[in-house]
Amino acid sequence: MSDYIDLDSLWKVLVIGLVAGAGLVSIFAAGLASLGASRGEDGTASSNPIGTVIAGLCFLIVAAGALLGIYVMLDK
Amino acid sequence: MDASTVLLALVVVTALTFDFTNGFHDTANAMATSIATGALSPKVAVTLSAILNFLGAFLSLKVAATIASGIVDSGAITLPVVFAGLVGGLAWNLLTWYYGLPSSSSHALIGGVVGATFLAAGADAVKGSAIVAKVLIPAVLAPLCAIAVATVGTYLAYRITARTPDSVRKTGFRIGQIGSASLVSLAHGTNDAQKTMGVITLALVVNKTISPHAGTPTWVIAACAVTIAAGTYIGGWRVIRTLGKGLTEIESPQGFAAEGSSGAIILAASHFGFPLSTTHVCSGSIIGAGLGKKLAQVRWSLAGRMGVAWLLTLPAAALVGGIAFKASDLIGGTLGVAIVFVIGGILAAALFMAARRAPVNHENVNHEWTGKLVPEKVAP
């Protein structure tokens, strides 16, 4: 069966898919949650700067992940 | 202009036509979710995707002059075989587009070439085990992989932002969607435009127009980039509607999770050399996005039809590729290829006319899904 399925690559694709795909999606979501929490329920007044900073960090990580993706894409 | 130049010209034109259908068939992969959630207006979405495909085509550095490499004996490849293979791939692309079914353009091309090679050089020139390992099994694994990742991603995206104000959540994920869809578009340009460049380069080598060690001529790169971008811009609205509205109702967190998962899997697969089709990954991710959200409904009958189409892709394209080769071979020479070219063109035009009578376009692509691909006309 393993003649037909390259199991070695397959599990790598699945793990990286989970870490980079679901993982970065979650970090982005955490950024939004943090941004949302730093604002009032009505989505205005920024009362909590720490939340904004954490959100910024999350978005930076996601952007770095996207850049890494582009690097991998072009480095073939 | 002698016969061999005419033959080469016919192959190049057919290859570029294939590239064009490759573009409009796959606009949906990157943009269906963004269009469905309103993150981008339909026109802006296809324009952005076209630009990124164009850039991607120029950024891909290595073009291999191969077609279905490892699957058919490369010694069996002649210009009529390349032509018939392209016709088989084109026929399947157009038919699946008409029915709004996403399907892999590379599998269609491989199928067409397999069918043509089979009749041109016999069964020995086709490697059956390679077909199973490189085409059939990945067609099953790609969507499963994508469903798993996107389900987890969607579930977490909703879970983490459960108490986030709706305004922040909606806008935030929409921006994320634009980014992730752009990444998938760029990846598509680097992968798929390259395939047609490889086919045309191979045709030039076979015809001894260029030496086997020469790089891809610049005009080939430019022509393929422009063609795939034009195809993307035209937008396969029928396929976009199936993926964006048909499979499941998509909200922006789901759209972002789906495209993020697709992007990660496509890049990981291409990095590790695992032959997953972009189309299969993106469709699987959208199903996963439906599964990951509580109470969201996935229309499994439609997903099942897509699955059947994916398994039929190779044999159906092979059949058409085989017939196209046999027909041109029986008539003989360049004339045979030219006649098949004209017949193919007439059939394609007929299909376009049929599609125009019940169009799906940028205006009705987002209409409520009522089980039908083409929305009912809304009374003015």
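The values are calculated or read from the model by the stated rules, or taken from the named source; none is laboratory data. A quick note: this is a predicted structure, and the numbers were derived from the prediction, not measured. As a convention, Cβ positions derive from the backbone with ideal geometry for all residues, glycine included, and neighbour counts pool all protein chains shown. Side chains included, ligands, DNA and RNA excluded: accessible areas come from the protein's heavy atoms. Shrake-Rupley method; radii C 1.70, N 1.55, O 1.52, S 1.80 Å.
Each row is one residue, and each column tells you yes or no for (1) assigned to a loop (DSSP other than H, G, I, E, B); (2) more than 7 Å from every other protein chain (Cβ to nearest Cβ); (3) aromatic (Phe, Trp, Tyr).
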| residue | (1), (2), (3) |
| --- | --- |
| B:VAL149 | no, no, no |
| B:THR154 | no, yes, no |
| B:ALA162 | yes, yes, no |
| B:THR171 | no, yes, no |
| B:ARG174 | no, yes, no |
| B:GLN177 | no, yes, no |
| B:SER180 | no, yes, no |
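If you go through segment B:244-261 one residue at a time, do you hit one that is out of contact with any Pro (no Cβ under 7 Å at 6 or more places or on another chain) and farther than 18 Å from B:GLY288 by Cα?
Within segment B:244-261, the first condition is being out of contact with any Pro (no Cβ under 7 Å at 6 or more places or on another chain), and the residues that meet it are B:244-261.
From what's left, farther than 18 Å from B:GLY288 by Cα: none.
Looking through segment B:244-261, none of the residues is out of contact with any Pro (no Cβ under 7 Å at 6 or more places or on another chain) and farther than 18 Å from B:GLY288 by Cα.
Hey, could you check segment B:31-62 for residues that are of a type in the set (Val, Ile, Thr) and in contact with a helix residue (DSSP H, G or I) (Cβ under 8 Å, 6 or more places away or on another chain) and say which is most open to solvent (accessible area, probe 1.4 Å)?
The initial filter retains those residues of segment B:31-62 that are of a type in the set (Val, Ile, Thr), namely B:33, B:35, B:37, B:44, B:46-47, B:51.
Applying the additional criterion that residues be in contact with a helix residue (DSSP H, G or I) (Cβ under 8 Å, 6 or more places away or on another chain) yields B:33, B:35, B:37, B:46-47, B:51.
On the way: B:THR33: 1, B:ILE35: 2, B:THR37: 19, B:VAL46: 0, B:THR47: 53, B:ILE51: 95 Å².
Ranking the qualifying residues of segment B:31-62, first place goes to B:ILE51.
Being within 11 Å of another protein chain (Cβ to nearest Cβ) and either free of Cβ contacts under 8 Å to residues at least 24 places away in the same chain or not in a helix (DSSP H, G or I) (or both) is the filter here, so list the residues in segment B:270-300 that pass it.
B:HIS271, B:PHE272, B:GLY273, B:PHE274, B:PRO275, B:LEU276
Provide a single number: the residues in segment B:106-133 that are surrounded by fewer than 19 Cβ atoms within 10 Å (Cβ to Cβ), within 18 Å of B:THR66 (Cβ to Cβ) and of a type in the set (S, T, N, Q).
Number of matching residues: 0.
Listed residues B:THR201, B:THR248; which is outside any helix (DSSP H, G or I) and at pLDDT 90 or above? Even if it seems obvious, please write down each step before you answer.
Working: B:THR201 fails: outside any helix (DSSP H, G or I).
Exactly one of B:THR201, B:THR248 is outside any helix (DSSP H, G or I) and at pLDDT 90 or above, namely B:THR248.
Sort out which residues of segment B:199-229 are open to solvent by 10 Å² or more (accessible area, probe 1.4 Å) and among the polar types (S, T, N, Q), and write them in order of number.
If the condition is that a residue be open to solvent by 10 Å² or more (accessible area, probe 1.4 Å) and among the polar types (S, T, N, Q), then B:ASN207, B:THR209, B:SER211, B:THR216, B:THR218, B:THR227 are the ones that fit.
Can you give me the number of residues within segment B:63-86 that are among the aliphatic types (A, V, I, L, M) and open to solvent by 30 Å² or more (accessible area, probe 1.4 Å)?
The first filter runs over segment B:63-86 and keeps only residues among the aliphatic types (A, V, I, L, M), leaving B:63-65, B:67-68, B:71-72, B:76-77, B:79, B:81-82, B:84, B:86.
Filter once more, keeping what is open to solvent by 30 Å² or more (accessible area, probe 1.4 Å): B:63-65.
Result for segment B:63-86: 3.
What do you reckon, is B:LEU330 in contact with a Gly (Cβ under 9 Å, 6 or more places away or on another chain), under 16 Å from B:LEU101 (Cβ atoms) and either part of a helix (DSSP H, G or I) or open to solvent by less than 60 Å² (accessible area, probe 1.4 Å) (or both)?
Values: in contact with a Gly (Cβ under 9 Å, 6 or more places away or on another chain): yes; under 16 Å from B:LEU101 (Cβ atoms): no; either part of a helix (DSSP H, G or I) or open to solvent by less than 60 Å² (accessible area, probe 1.4 Å) (or both): yes.
It is false that B:LEU330 is in contact with a Gly (Cβ under 9 Å, 6 or more places away or on another chain), under 16 Å from B:LEU101 (Cβ atoms) and either part of a helix (DSSP H, G or I) or open to solvent by less than 60 Å² (accessible area, probe 1.4 Å) (or both).
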